[in-house]
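Note sheet for the following structure.
Bear in mind these aren't lab numbers, they're just calculated from the coordinates by the rules spelled out. Remember, predicted model here, so these are calculated numbers, not experimental data. Neighbour counts are summed over all protein chains in view; Cβ atoms, including those assigned to glycine, are modelled from backbone coordinates with ideal geometry.
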Number of protein chains: 2
Amino acid sequence: MRAGNRTSLAKAITLIESSNNAHKEEAQKLLQELLPFTGNSIRIGITGVPGAGKSSFIEAFGTMLCKMGKRVAVLAIDPSSSLSGGSILGDKTRMEELVRQENAFVRPSPSAGTLGGVHKKSRETMLLCEAAGYDVILIETVGVGQSETYVRGMVDFFLLLVLTGAGDELQGMKKGIMELADGIIVHKADGDNVRPARRTMQEYKQILHFLQPSTPGWLSTSLTVSSLEKKGLDIVWDMLMEFEQTIKQSNYWTTRRHEQTRDWFHTMITDHLIDSFYNNPERKKQVRSLEEEILHGQLTVTQGVNALFGEKNE
Amino acid sequence: MRAGNRTSLAKAITLIESSNNAHKEEAQKLLQELLPFTGNSIRIGITGVPGAGKSSFIEAFGTMLCKMGKRVAVLAIDPSSSLSGGSILGDKTRMEELVRQENAFVRPSPSAGTLGGVHKKSRETMLLCEAAGYDVILIETVGVGQSETYVRGMVDFFLLLVLTGAGDELQGMKKGIMELADGIIVHKADGDNVRPARRTMQEYKQILHFLQPSTPGWLSTSLTVSSLEKKGLDIVWDMLMEFEQTIKQSNYWTTRRHEQTRDWFHTMITDHLIDSFYNNPERKKQVRSLEEEILHGQLTVTQGVNALFGEKNE
């Protein structure tokens, strides 16, 4: 795998994703051995509403990077494929050119499971790709639900893809999504759409000026891109390189990664506590019935909590 | 207390805030008896950067409401008084006119404690004020830290106070604060400042157009107010009445309050689980040492979690 064998990497990821207990132990041992070789990529999260053209952007952008000699891994986080109409990466035919590149590794999203589970696996998959020598990790997520916050919590740069007519298409997106973004790409800036795309880009720049930056020390910006005509893709890469240089200089690069790992650890502890608390049909029933009493004004919230944890109410 | 005696209400709040175990039980019994009389106010959260003039706004707005015959309770949430330079309501002299009104009840922020503790008490204090017949509850919070999200989670309407020169002063505020707001007041719109304030108001209206509404079915809007010249305060009240009517018609009023209560219950359960887990010096030390191993790349996050919960790593 370390020698760049893609089949070995794919096998390692399958091991990480396995729910078999023996596999889990083996996977963790493998990952532990590989930890010293992780961390050397630029981790980029990519989101956008369905229809924004995330797949065609990743195809065009990833192919350009491969041709520049970069090794590019593409992962997808799609915990809600039933909601979003299926994983985009499931439809690999749309990434025909990219998957043919020797320097590319495209991994469809893991099979559905709990949100936490999927994300845990995605982080570990990202580390495996780094250990296998990939320099650019593109992590795709759909612009709905909670996955953006998770992805923001595991990447260096977060990219939002939008279309012209700013504002309207944001209605379908998660609240606060713009404040997660380090860069906003107005996509499909081709043909008659070039001028409206530029106008939209200006509008986004203005809005970004009012919002808090997603990364301290970096002024989030907006660009236009045409994946169809392959225009603006190099500017995106320049932006990413400028970002990396700026944030590394301020030392926030490492600080953030440490914070992300720490947060991930604490989130997993909390998830474990909540899971083991609710993982009991009797407990679930009790919580539901206390909830009803509270909503009907028969019990205070404090009394409800005391009842659960066996503290006296009277 | 139900007869409108302010001294009784103040005593009941002190009982709710007490950390004495016997008092706690008594307080919960009292609150349980009063639950049927709660829920009949409009709950308004008010935030803004230090210097935005929250106290003078509450003084002028609350006094106007009292003169209209409303009964107004003012509470403060200030879990970080060391950070923010002290509770604003601690300085009661700035609300001289309001505290003289027979229909007003002004309660300074409870003494510091855990964030969860302060907020738990604030919610219960709010319910006590409702049971005592107050129709308007104003809950003030400082525009830094985490308290806005908590306050947003306990009120019907969330009001943000800003000054002219939009954007600049937002830099000191919490990320995403604008998306929590149902209304943004450009304050101190008096004298030479009237025209810049109107311009700023227009800018905010434009930005709000791009953001997701804080309350489904309500288009968040912006107004100018001068508390000094008592201008625009009636428009604020008109806005609140329109909001109440609109949201009650769509039934979201009750839906949101139920959601808020349910979330509060589940947050308290989670807080309890986390507190009891970490409430052990040995455990804390173990978590810190695992954290170090993880950050130094000696252990995977999953191995760290397994070590805590006694699962085998190898």
How much length is gained on full extension from B:R256 to B:T14, taking 0.36 nm per residue of separation minus their Cα-Cα distance? 84.3 nm
Roughly how tilted is helix A:54-67, in degrees to the nearest 10 and between 0 and 90, from the longest Cα axis of chain A? 50
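For the cross-link pairs A:K248/B:K284; B:K70/B:K230; B:K121/B:K188, which exceed 24 Å when the distance is taken from alpha carbon to alpha carbon? Show your work: numbers first, answer last.
Values: A:K248/B:K284 32 Å; B:K70/B:K230 18 Å; B:K121/B:K188 32 Å.
Beyond 24 Å between Cα atoms: A:K248/B:K284; B:K121/B:K188.
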Given backbone amide H placed at 1.01 Å from N, residues whose amide H is under 5 Å from that of B:T224, ignoring those fewer than 5 places away on the same chain, are B:V186
Expressed as a whole number, the average count of other chain Cβ atoms within 10 Å around the Cβ atoms of A:277-290 is 1
Compute a Gaussian network model of chain A, connecting alpha carbons closer than 10 Å, and tell me which residue from A:S220, A:S56, A:S289 fluctuates the most. A:S289
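Give me A:C129, A:C66 sorted ascending by neighbouring Cβ count inside 10 Å, so fewest comes first.
Sorted ascending by nearby Cβ count, the order is A:C66, A:C129.
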Need the list of aspartates and glutamates near B:K285 for cross-linking: C-alpha distance under 16 angstrom, and skip anything on the same chain fewer than eight residues off. B:D275, B:E293
Would you mind computing Rg(Cα) / (2.2 N^0.38 Å) for the protein assembly as shown, counting N as its residues? 1.05
Using a label point 7 angstrom from Cα along Cα-to-C-beta, what distances in nm, from shortest up, separate A:S289 from the other copies? 4.4
Sorting A:I247, B:H23, B:P36 by the position of each Cα along the dipole of the protein assembly as shown (Lys, Arg +1; Asp, Glu -1; all at Cβ), the one nearest the positive end of that ordering is A:I247
Subtracting the Cα-Cα distance of B:K248 and B:E229 from 0.36 nm times their residue separation yields 3.6 nm
Virtual spin-label span in nm between B:M241 and A:K205, 7 Å along Cα→Cβ: 4.5
Could you let me know the centre-to-centre spacing of the range B:205-253 and the range A:267-285, using Cα atoms, in angstrom? 39
For chain A, set up a GNM with springs between Cα atoms under 10 Å and report which of A:E292, A:E96, A:E229 has the largest fluctuation. A:E292
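Using a 10 Å cut-off around each Cβ, can you sort A:M95, B:M68, B:M178 from fewest to most neighbouring Cβ atoms?
Going from least to most buried by this count: B:M68, A:M95, B:M178.
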Cα principal axis extents for chain A, largest first, Å: 71, 46, 40
Could you pull the copy-to-copy label distances for A:R2, with points set 7 Å along Cα to Cβ, in nm to one decimal and sorted shortest first? 7.6
Integer Hz, Karplus 6.51/-1.76/1.60 couplings in order for the range B:40-48, x for Gly and Pro: 9, 10, 9, 9, 10, x, 10, 9, x
For peptide B:212-220, compute the average count of partner chain beta-carbon atoms within 10 Å of each residue's beta-carbon. 1
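Quick one: order A:L228, A:L208, A:L75 by neighbouring beta-carbon count within 10 Å, fewest to most.
A:L228, A:L208, A:L75
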Residue with peak Gaussian network fluctuation, chain B [Cα springs, cutoff 10 Å], from B:N103, B:N251, B:N40: B:N251
According to a simple spin-label model (label point 7 Å from Cα along Cα-to-Cβ), what is the distance in nm between A:H266 and B:Q298? 2.2
To one decimal in nm, how far is A:E26 from the same spot in the other copies, if labels go 7 Å from Cα toward Cβ? Please give the shortest first. 6.5
Given the DSSP H assignment, sum -39500 (n - 2.57) over each helix run of at least 4 residues in chain A and divide by its residue total; what's the result at 222 nm in deg cm²/dmol, nearest 500? -16000 deg cm²/dmol
Within chain A, the percent of DSSP beta bridges that are antiparallel, given to the nearest 5, stands at 5
The range A:3-19 - phi-based ³J(HN,Hα) in whole Hz, Karplus 6.51/-1.76/1.60, Gly and Pro as x: 7, x, 6, 5, 5, 5, 4, 4, 5, 4, 5, 4, 5, 4, 7, 5, 9
Over the whole of B:265-275, what's the average partner chain Cβ count within 10 Å per residue? Rounded to a whole number, please. 6
Under-5 Å amide H pairs with A:G176, H placed in peptide plane, nonlocal only: B:Q212
